[in-house]
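The values are calculated or read from the model by the stated rules, or taken from the named source; none is laboratory data. Owing to the predicted nature of the structure, the values given are computational and were not obtained by experimental measurement. Neighbour counts run over all protein chains shown; Cβ positions are idealised from the backbone, glycine included. The area values use the complete protein model at the heavy-atom level, side chains included, leaving out ligands, DNA and RNA. Shrake-Rupley method; radii C 1.70, N 1.55, O 1.52, S 1.80 Å.
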Amino acid sequence: MPTIHRFAKRIPARTRWLFGLLVATSAVLATTVGFGLGSSTQASGHGTVAHREAGHAEAAPRTFTTTAATTTETQSYSGGRQMAADPTGGYWTVSWLGAIASFGGAPTFGSPSLSGIHLAKPIIGMAATPDGQGYWLVASDGGIFTYGDAKFYGSTGAIHLNQPIIGMAATPDGQGYWLVASDGGVFTFGNAPFHGSLGGSGKTAIGMIVSPAGDGYTLVEMGGTNVVPSLTPVTPSTTTAPPSAAGLVPTGTAPSGATPTTPTTPASTTTTTAPSAAADSAEPSGEGPPGAMAGYTQSYVNDFTGTTLPAGWGAYSGKPGGDPGSQWGAAHVVVSNGMLQLETYQDSAYGGEWVTGGVSQYGESQTYGAYYVRSRVTGPGPTNVELLWPVAPVWPPEIDFNETGGATIGTSATVHWGPGNNQEQHSDETVNMTQWHTWGVIWTPTSITYTVDGVVFGTVTTASEIPNQPMTLDLQQQTWCNSGYACPTSPQSMDIDWVAEYTPS
C-alpha cells in the first residue's frame, strides 16, 4: 500500500520564535513592535479575513521580477530560502519555487516542486504543525499550501492586497495562523487572535515572531535600506485547458453552443472504492473493465478494441490556451492493440517540435457521476492529465483527477473553481506512474473523491468548490518546453486500456 499524502493549497503554520521571513541581506536594520500581552490597542487597515485559497495556476504565463527598481511586492521578497523548525528535531527550508529541503531528520510530506506545480507567486514563508507531521507554505499573494497533517483555515489568495504577504506564523496548537503583509497589516485565520498591526502606519514589516503561548506577537520593522538581488524567474501556466479554452476544437464533430442543464440531485449513496474488475490476461493492463458499482448505473464503457477513436470522441489539434509553446496534433492520438495511446514525439510536420496528443469525449456529458480510467505512462517528460471539463464555454470549473506534472513517481488531483481560478489540490507522492493503475473520481453534489486502485487519496467537501454543471471526460498530454518544464528527452506515451463511467442511481 503506498503512503498517501493529502494536501490542499495553504500555508505552513507553526513558527513560534522563528521569523516568518528570513531576509537574505546583511544591510537590513530592524526594529520590533510588540502586540498582545497587555500592549496598546490597535487599528488595522486589514482586519480578519477568511477566504478560501485562490489558485496559483493561471490561464496565461506571468512574470515576477525581483530587482531594486520593482514594486513593493518584490522588495518584500529576498530571493533566499525560507525556513521552519521541526518540533521533533531538525528543520526544513523551502525555495521560492516551492522546493523543500530537510535537515536533521525532519520528514518531507510533499511540495509544489515535487508535484510539478508552477507558481504564479513565489513561496515566501513556511511553518510546521505542533507534532512535526506537517507544514504550511504561503505565497506572496497569501495562497496557502498544506502538507501532512497541516489543515487549511483560510487565505488571502482570493482578495486584493494593498501589499504582498511577507511572512506567517502558527498558533501553538496548530489550529490557526497569522499572515503579515509588507505594510504590517495582519490577517488572522482559524483560532489565531488579532492583537494589532502596523497597517496604515507607513512602516514596512519584514517578519513576525509569535510568543510561545500564542497570546501576542512581534512584528519586525524595516529600519534600513532594502537590498534586493536581481532575479527574473518566469512561471508558465499549469492550467490544463483543452482546446476549447483557446477557441480550438477537436477534430471530431463536437456540438457547438452547448449550455448547461439544470443539475439534478442524485441519491447520496456512493462508494469510495472502485467497482470490481476481473483479471484478464488478454487485456494490455491485465485487467478488464469494471462491472456494477453500488448506488450507480454504468452509463458508458469502452475498451478501445478498434483502430480509430470511438464515436463521440475527438482529438485535440492546435495550441493550448495559455501555453503557446506547446502543440497538440491529431496524428498523436492512436488506437491500436486494445489501447488508446496519446503519443509525444518530435514531429517533422511541426518543424521538429515536441507535439502531444489529447482527446475529449464530447459525446458524453453528465452532472455528477463516477469515472474510472485504467492507464499508465511510458516515461517522464510530458505532463499527463485525466480530467473533467465543462460543457459550457466558461472556465473554471475543472476537475483534474490524475495529473503527473511530467514525472513518473507521484500524481496530483485538483479542483478549479470560481472566476479567480481557486484551487484545492491533493496528491499521492509515491505511486509508480509507469505501472498500470485505475484512476477514479466520484463526483456528487456534496463531495469529490479521488481514488487510485480503489484507495482514496483525496476528498473535497466544501460545497462552493464542487461543480454543478455538465462536464465531459478529457485525456491529454502537454509540454512546457519553452519554460524548461515537462519537456521530454525521448518519445513517450500515455496508454489507456479502458474507461468506465457511471451515473447515480
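Summing charges over all other residues whose Cβ lies under 9 Å from the Cβ of Ala277, with Lys and Arg as +1 and Asp and Glu as -1, gives -1.
Per residue, the accessible area of the stretch 312-423 comes to 27 Å², computed with a 1.4 Å probe over protein heavy atoms only. Here the Karplus relation 6.51 cos²θ - 1.76 cosθ + 1.60, evaluated at θ = phi - 60°, turns the backbone of the stretch 453-461 into coupling constants of 6, x, 9, 6, 10, x, 9, 10, 10 Hz, with x for every Gly and Pro.
Take Tyr350 and Thr430, extend 7 Å from each Cα along the Cα→Cβ direction, and tell me the distance between the two endpoints in nm. Result: 3.6 nm between the two label points. A simple spin-label model places pseudo-atoms 7 Å from Cα toward Cβ; at Ser281 and Asn337 they are separated by 1.9 nm. If R0 is 22 Å, the Cβ-Cβ spacing of Ala311 and Asn482 corresponds to a FRET efficiency of close to 0.05. The 3J(HN,Hα) values that the Karplus relation (6.51, -1.76, 1.60; θ = phi - 60°) gives for the stretch 356-362 are, in residue order, 10, x, x, 9, 10, 8, 5 Hz. Gly and Pro appear as x. Rounded to 0.05, the FRET efficiency of the Ala213 and Ile159 pair, given R0 = 51 Å and the Cβ-Cβ distance, is 0.95.
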